[in-house]
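Below is one structure, written out as structure tokens; the observations come after it.
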Amino acid sequence: MLLENNKRTNQRDETKPLCLAMFCMAFLQGIWWIAIPFIINRLHGSDAQVGNCCALQLGGYIAGCLIARLCLDKLNARITTLSSLVLLLMATIATLLLLYSTPDPVSSAQGIRFLLCLSGLSGLIQAFFWPFVMAWLSTGYEGSQLNRKLGWLNVSWTSGRLISPLIGGILVQYSSTTPISAMILCIVAAFLCVCLAPPPHQQDPLPQPPGSPAPPNDLSTSLAITFRWMALLALVSSSICIALIRSQMGLLFKYELGLSESDFGLVNTFLALATFLIMLFTGKTSAWHYRLGFFVAAHILILLTFIAILAASRLPVFYLLIVVFGGSFGFLFASHLYYVVAGSRNRSARMLLHELGGSTGMFIGSLTGGYLSDSFGRYMPYWFGIAVIGVTCLAQWLIWLAHKPKNHDKAAIPPLKS
């Protein structure tokens with residue numbers, strides 16, 4: 001028993017450097033999403049170009065995930081993640097040099113084009129960091145232990161988003177180059193953390209503690225498939241919505257409502273805080289596993305949030321709305337992450353599928369949101385979000401009817417336990 005406890009302690013210690021690395025990378029992303037709309041605007045870019053810049057980074061990430069999947073079994077996780085961080089550092093330094101070299105409107109047009117290319121390249125590079133680190137952390141765990149492991153994973157990246165939006169808003173309000181310099185520091189810190197992590201290794205799943213929920217292998221195939229597909233649709237649709245907020249709400253704040261960059265950063269900090277708290281909840285309890293009511297509630301709350309955004313004009317109201325949205329998004333994100341990897345031995349491939357689903361949604365949201373804002377006004381992206389959630393709910397209802405669990409399926413659902 002003492003040997004087993006020591007083993008578990010060592011395993012928790014082994015994850016700390018990787019969790020810190022994910023924290024640093026999430027901190028970087030939080031700064032980037034806040035800063036990039038205002039950076040492009042200062043280069044005399046349009047709302048559509050803001051959306052294109054965000055979409056290209058996500059498109060590059062999607063392409064990178066597809067490439068990584070082809071050579072997944074041949075790549076060492078440690079070498080791959082370290083190499084990706086070196087390349088990302090070079091791309092970010094190039095971005096910083098680009099901003100220093102485009103001081104006037106004439107050179108700004110070319111600067112935006114180069115910035116779009118660098119955004120796509122950085123997304124491609126990050127596809128060789130996130131899926132590999134996520135698979136590295138979750139290998140060898142099932143059931144409640146997998147749930148706790150994924151909980152720590154989710155807490156790591158969501159905690160990186162807690163104050164980075166606020167800091168990003170303050171930095172970009174000062175200058176366009178300051179947030180990029182901060183991103184460089186984040187990459188260096190992440191590189192050092194991965195260097196401190198032990199090499200990845202295969203390990204057998206630890207014994208399930210008494211009373212823990214059964215893994216999906218013991219559930220009916222019908223039930224597992226139902227929730228896996230519903231969770232995938234939820235991930236894509238909620239990612240579309242969060243991309244609309246991140247890529248376009250900053251411009252709505254500044255140019256329609258008269259709010260500042262730091263106000264937008266603070267709103268995103270509240271979003272990250274709500275997501276963080278929900279990730280803590282999903283990582284500490286299994287009560288939500290294979291429960292339809294949680295899915296329905298999360299979608300209804302997102303729908304109501306987007307409807308309210310159309311009428312909101314005061315900052316405190318946006319604080320409330322964004323907290324509701326952040327909690328709902330966090331639950332749907334964590335749900336798919338659990339359902340897609342539970343019971344699977346090929347964790348890297350499943351993590352890539354999760355990343356592809358979220359990135360595809362954010363790509364659609366960024367690209368479409370920029371076009372709608374430019375063509376029909378800065379409130380039109382939120383009408384699009386309402387339509388997306390409505391269609392998603394309809395599709396999920398059809399999936400539930402097609403694969404509705406029978407009585408023997410319901411008996412396989414674990415009882416509600418924290």
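Here are the numbers for the structure shown:
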item	result
Label-point gap, in nm, between Leu196 and Leu320 - each point 7 angstrom along Cα→Cβ	4.3
Contour excess over end-to-end distance, with Cα ends at Ser83 and Lys16 and 0.36 nm allotted per residue	22.1 nm
Cβ-based exposure ranking for Tyr174, Tyr61, in which fewest neighbours within 10 Å come first	Tyr174, Tyr61
Contour minus Cα-Cα distance for Leu401 and Leu310 (0.36 nm per residue)	29.5 nm
Simple spin-label estimate for Ser101 and Ile225 in nanometres, 7 Å along Cα-Cβ	5.5
Mean Cβ count within 10 Å, highest first, over the residues of peptides 305-316, 77-88	77-88, 305-316
Per-residue HN-Hα couplings for region 283-292 [Karplus 6.51, -1.76, 1.60; θ = phi - 60°; Hz; x = Gly/Pro]	x, 9, 9, 10, 4, 8, 5, 6, 10, 5
Protection proxy ranking, peptides 114-122, 33-41, average beta carbon neighbours within 10 Å, highest first	33-41, 114-122
Which of Leu271, Leu96, Leu185 has the fewest Cβ neighbours within 10 Å, and the rest in rising order	Leu185, Leu96, Leu271
Fewest-first ranking of Val133, Val391, using other Cβ atoms within 10 Å as the exposure measure	Val391, Val133
Alpha-carbon centroids, region 223-251 and region 73-91: separation in whole Å	27
Per-residue HN-Hα couplings for region 15-23 [Karplus 6.51, -1.76, 1.60; θ = phi - 60°; Hz; x = Gly/Pro]	7, 4, x, 6, 5, 5, 5, 5, 4
Spacing of the two label points (7 Å from each Cα toward its C-beta) at Cys71 and Arg113, in nm	3.0
Cβ-based net charge around Met249, under 11 Å, with every Lys or Arg adding one and every Asp or Glu removing one	+1
Computed lengthening from Ala63 to Ser181, 0.36 nm per intervening residue step minus Cα-Cα distance	39.8 nm
Percentage of interatomic Cα-Cα distances in region 29-68 larger than 16 Å	40
In Hz, Karplus ³J(HN,Hα) per residue of region 78-83 (6.51, -1.76, 1.60; θ = phi - 60°; x = Gly, Pro)	5, 5, 5, 5, 5, 5
Neighbourhood net charge (12 Å Cβ-Cβ; Lys/Arg +1, Asp/Glu -1) for Ser373	-2
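Where a number appears in this text, it was derived from the coordinates with a stated rule and is not lab data. Everything numeric in this text was worked out from a predicted model, so none of it was measured. Cβ atoms come from the backbone with ideal geometry, glycine included; neighbour counts cover every protein chain shown.
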